[in-house]
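Bear in mind these aren't lab numbers, they're just calculated from the coordinates by the rules spelled out. The structure presented is a predicted model; accordingly, all values stated were derived computationally and were not measured. Note that we place each Cβ from the backbone using ideal geometry, even for glycine, and neighbour counts take in every protein chain shown.
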Amino acid sequence: MPDPVARRAVLLIQTAFIGDVILATALLEHLHHTEPDTPVDFLVRKGNEGLVQNHPHVRQVLIWDKKQDKYRGLWQLLQRIRQADYQRVVTLQRFASTGFLTAFSGAPERVGFDKNPFSFRFTRAIPHVIGSGVHEVSRNLHLLDPAYDGPLTMPRLYPSAADEAAAAQAAQQAGGRPYICIAPTSVWFTKQFPREQWLKLLAALPAKYAVFLIGGPPDVAECEVLLAASGRPGVVNLAGKLSLLASAALMRGAVLNYVNDSAPMHLCSAQGAPTCAIYCSTVPFFGFGPLSPFSRVVELREELACKPCGLHGYRKCPLNHFHCAYGIETSQLLSALAEAEAG
């Protein structure tokens, strides 16, 4: 006999990148507000589970290891999902793999975007339009309620006491001075502000600020190069030393966080941390912009016929000039800092 509580449960599926998972937490907030008694499980890719493992609105985290036994793991997940007897399964992605899990979940309500190859088996398929200026959070919220027209529900992360302690310990390296965080890297080259440009900013930042370079283990080397090349006192490389949630807690205490159009920007949004988002090849109009109360977007002042050149960016500039990044002036970044200082 199915457990009546489990029958009411919802499964959210988001197995894409870190930033996508962070934005998906807005649905957890919405469900907690509108259906506080509904258990919610969350399926993520291996490596991203730390974002929601101890989330107060998540009952259970399911993990898909895409790098090891990808398709076997997918089949095993499907069996587990079917056994859980969910009332609703909602995929936030437009890929066949998560559409497959949703379509054959056995849930009475199977929801996703109409661009998913398996949308023909969904009980509700919602349009997903990029380039309309609608934020991804809003697009996701319409999966839960197609008629929703209220205020945008903010994504939110919940650093643990250990995360907060790690962030506080890291902040002590500022020696009591106010600090700025810089997250200099991105998975995509054309989303990443160039090293030379970061070095100009580091040289121009007021001396009263300590600077923390943040990122994951893959970013340690690049941050070390920036640290050494800057020659600036008070720069600390924290890349690879903090969890994602501890990094988020640290960013919350910064005077300003300089980020690319990448995961650290969404970490800021989920903590209400002051943000200066630098857009190189992409544009906020795609719907993935910053959501913090203090958010400034910096991009090339002039219009380029080639910008945006793609939704996610490329491994190199298709036209080999990368002017959308190199044309951004340091004074634009300093103006954002002046506004943050003014409150």
Per DSSP H run of n ≥ 4, the term is -39500 (n - 2.57); total these for the chain, divide by its residue number, and report the mean residue ellipticity at 222 nm rounded to 500 deg cm²/dmol. -10000 deg cm²/dmol
Within the chain, longest stretch free of exposed GluC sites (Glu not before Pro) [DSSP loop, at most 14 other beta carbons within 10 Å]: 1-301
Need the C-alpha centroid separation for region 52-72 versus region 245-315, integer Å. 26
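Filter the chymotrypsin sites (Phe, Trp or Tyr not before Pro) in region 47-98 down to the DSSP loop ones having no more than 12 other Cβ atoms within 10 Å, then list what survives. Walk me through the numbers on the way to the answer.
Working: sites: W64, Y71, W75, Y86, F95; in loops: Y86, F95.
Within region 47-98, no chymotrypsin sites (Phe, Trp or Tyr not before Pro) qualify (loop, at most 12 other Cβ atoms within 10 Å).
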Starting from the 7 Å offset along Cα-to-Cβ, what nm value, one decimal, do you get for the label separation of L304 and R82? 4.9
Rank V58, V89, V21 by mean-square fluctuation in a GNM of the chain with C-alpha springs under 10 angstrom and give only the top-ranked residue. V58
The answer for T275, listing residues at least 5 apart or on another chain whose modeled amide H is closer than 5 Å to its amide H, is N257, F294, S295, R296
Within region 179-222, the residues whose backbone N lies under 15 Å from a label point placed 7 Å from the Cα of H312 along the Cα-to-Cβ direction are 186-192
Mind checking which lysines have their C-alpha under 30 Å from K67, skipping anything on the same chain fewer than 8 residues away? K46, K115, K191, K241, K316
Just to be sure I understand: with springs between alpha-carbon atoms less than 10 Å apart, which residue in R59, R315, R110 has the highest mean-square fluctuation in the Gaussian network model of the chain? R315
Gain in length, D114 to E164, computed as 0.36 nm per residue apart minus the alpha-carbon separation, to one decimal in nm? 14.0 nm
Fluctuation leader among L213, L304, L62 - the chain, Gaussian network, Cα springs under 10 angstrom: L304
Out of region 155-249, which trypsin sites (Lys or Arg not before Pro) are coil in DSSP terms and have no more than 14 other C-beta atoms within 10 Å? K208
Mind giving me the nanometre distance, one decimal, between the label points for L334 and E49, set 7 Å out from Cα along Cα→Cβ? 4.8
